[in-house]
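This report concerns only the one structure given below.
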Amino acid sequence: MRGLASALYSVVIAVWVGGMLAIGFIAAPVLFGQLADRSVAGNLAGSMFTVVSWVGLVCGGYLILFVAFMQRRGAIRSTVFWIVLLMLILTVIGHFGVQPVMAQLQADALPSRIMESALRDRFTTWHRLSTALYLIQVLLGIVLVVLQEQGRKP
């Protein structure tokens, strides 16, 4: 059973970090590059980022439990524990904090599109914050993958 949990640990890291990289650095740029309507591209990208957030919540939850089970009281001294916890916190902030603000700004801009409204600058600021949080999360995820590659599992 421990071998299965350990294998699942590796798969969960791959799914979470791979998903963030695929959506953030492949799918979203392709959408904006290929779709003439940036609003449609933004809505589709937003939907994909929502899915990645939910995947992150599930994956982060599993990883925290795995580290806690493997390390017991030593979990709080584990680098992996703190990286995963920070990634999870960033996911929560982005999904439940920043994204609702951006969605409300879009709703407030109706019937105009957000980038054609008076709320454009506020939306841009929140979008930059969202991007920064996501980038930090991706960088932490890469560190997590490197630690795993070096055999530094919890």
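Yes/no per residue for (1) surrounded by 15 or more Cβ atoms within 10 Å (Cβ to Cβ); (2) of a type in the set (S, T, N, Q); (3) modelled with pLDDT of 95 or more; (4) not in a helix (DSSP H, G or I):
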residue	(1), (2), (3), (4)
67	yes, no, no, no
106	yes, yes, no, no
118	no, no, no, yes
123	yes, no, no, no
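For segment 81-93, does any single residue satisfy the condition of being at pLDDT below 95, closer than 30 Å to residue 7 by Cβ and surrounded by 15 or more Cβ atoms within 10 Å (Cβ to Cβ)? Looking through segment 81-93, at least one residue is at pLDDT below 95, closer than 30 Å to residue 7 by Cβ and surrounded by 15 or more Cβ atoms within 10 Å (Cβ to Cβ).
For segment 33-43, residues that are loosely packed, with under 13 Cβ neighbours inside 10 Å, assigned to a helix (DSSP H, G or I) and hydrophobic (A, V, I, L, M, F, W, C) total 1.
The values are calculated or read from the model by the stated rules, or taken from the named source; none is laboratory data. Note that the coordinates shown come from a computational prediction; the quantities given were computed from them, not determined experimentally. Note that each Cβ is placed from the backbone with ideal geometry, even for glycine, and that neighbours are counted across all protein chains shown.
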